[in-house]
Amino acid sequence: MQFNLKLFIRFFPQLLNGYFATLKYAGVGILLSLLFGLIIGVVLCMRIPVITFILKWYIDIFRETPLIVQMYLLYYGLPYMGILLSAPVAGMMAIILNESAFVAEIVRGGIESINPGQERAALSLGFGRVHLLIRILLPQALKSIYPSLTGQASYVLKDTSLLTLVTIVELTSVSRYLNSKYLIPGTAFIGSAIFYVVTFWVIQFVVYLLQRRQKWN
Amino acid sequence: MELSKHLITWRLLIVQGLPQTLKLALVSLALSFVVGVLLGVIRSRKWIIINQILGVYLGVIRGIPFLLLLLLIYFTTPIRDIFIASVVTLTVFNSSYISEIIAGGIDGLSQGQFKAGKSLGMNGIEVMCYVILPQVLNLTMPALLGQMVILIKGTATCSAIGYVEITRTGTVAMEAFGNPQIIYIYVMILYFVMCHALTVIGRKLEIKGKLKMIGKA
């Protein structure tokens, strides 16, 4: 049951295929959840009465329930309500809804931590609420929150492993398949763990480089 | 779905699922807290070689998705009991995050605390237990409660290797009654109540801590 390099090399192409699928899902997930999270975070800060209330509940609900249950709800539940989606769409929808809630909370925190003087100065210069948020507050907030945002990116990468539970083929599914077919748990699971850890470290390294560059500036 | 089936579902979730989730969460919480604090204290000491090894270990654990770690521990180690495998995984996973929180808290305290303790004739362990850790735990309580929420959400993933808790009970009820959209919403409600309670306590503590810092409580 130990890691076997020969077997690992033999099944490397299959794991690599799974890895590419994982990268694809992670890339889509990161881009869309960043986009929606930014939009939701900014809208949240505009303090529009009803919408803010709804968005706050959305964020609380999706942050404080397990992703796996959200995935099951969308994957098994939507067809019962007459909405037929393919497995990848339903699974990715769960990941994106979940992660944009986290991103929105980070963005809101970043915007609220900016000195209120900035807001007053912009208002006195005749900026509207929307312009103020997008042109003045968001750029400043992004500077201080992007480490947490890149951290969230690595969470999306790790979340995609749960897609295997709603029948989507990606890295974890490939290793589960290899294990059930050839009974090689060590090679299959440690092999795919290597892929995940290397990708995670690459992301961490990019964050480190970005932070160092910011310090230089 | 008729009313009786709703009632049976709730009864299943609360009588069968909830105690198992709580058991798993509490046992792994206690273990990961102890292990996490120990690792955090060791990491803050900055012993050269041990710190390097710990850094690599924590980096690896944090790079692996929770589900894959669960499969890895369940299939490649001699542990054959689902409950013990779940506890070990949750402990390994969460203690790595808790250790980072604790190490950060210890680094945040001023060196004067150590020196004052030493000057009162305490040895290193006594200074840690009576001077440093009580302050650190107080300061990091909001972050630790956040980690508890992540732990509770993690227990849902343990249903993937067949541990019967709330999510698994929900799946069983779904297989019997259909209507996954209703049953998984019930499951989400249960998780939401548990996690939201912790989050609210965390927010209250955070506000209290801030008031203490400016000397108003």
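Values quoted throughout were computed directly from the atomic coordinates according to the rules given, and no laboratory measurement underlies them. Everything quoted here is computed from the prediction, not taken from an experiment. Glycine also receives a Cβ, built like all others from the backbone with ideal geometry; neighbour counts cover every protein chain displayed.
Compute the separation of the alpha-carbon centres of segment A:147-217 and segment B:45-72 and state it in Å as a whole number.
Between the Cα centres of segment A:147-217 and segment B:45-72 lies a distance of 14 Å.
Work out the mean other chain Cβ neighbour count within 10 Å for the residues of A:199-210 and drop it here as an integer.
Details: counts 1, 6, 4, 1, 1, 3, 0, 0, 0, 0, 0, 0.
Counting Cβ atoms of other protein chains within 10 Å of each residue's Cβ and averaging gives 1.
Pick from B:MET194, B:MET122, B:MET141: which residue has the top mean-square fluctuation in a GNM of chain B where Cα pairs under 10 Å get a spring?
B:MET122
Select from A:GLY29, A:GLY77, A:GLY18 the residue whose mean-square fluctuation is largest in a Gaussian network model of chain A (Cα-Cα springs shorter than 10 Å).
Its mean-square fluctuation being the largest, the pick is A:GLY77.
Taking neighbour Cβ counts within 10 Å as the exposure measure, how do A:SER154, A:SER175 sort from fewest upward? Write out the running numbers ahead of the final one.
Values: A:SER154 21, A:SER175 30.
Lowest to highest Cβ neighbour count: A:SER154, A:SER175.
What is the order of A:VAL69, B:VAL172, fewest Cβ neighbours within 10 Å to most? The partial results should precede the final answer.
Values: A:VAL69 25, B:VAL172 17.
Ordered by Cβ neighbours within 10 Å, fewest first: B:VAL172, A:VAL69.
Suppose every K and R has +1 on its Cβ and every D and E has -1 on its Cβ; what is the size of the dipole of chain A about the Cα centre, in Debye to the nearest 20? Display every interim value, and only then the final one.
Working: 17 positive and 8 negative charges, 107 e Å.
Dipole magnitude for chain A comes out near 520 debye.
Take the alpha carbon atoms of segment A:1-34, find their center, do the same for segment B:76-129, and report the distance between the two centers in whole angstrom.
Taking the Cα centre of segment B:76-129 as reference, the centre of segment A:1-34 is 33 Å away.
Give the cross-link partners of B:LYS153 among the aspartates and glutamates, using a straight C-alpha distance below 17 Å as the criterion and excluding same-chain residues fewer than 8 apart.
Correct list for B:LYS153: A:ASP60, A:GLU64, A:GLU99, A:ASP159, B:GLU165.
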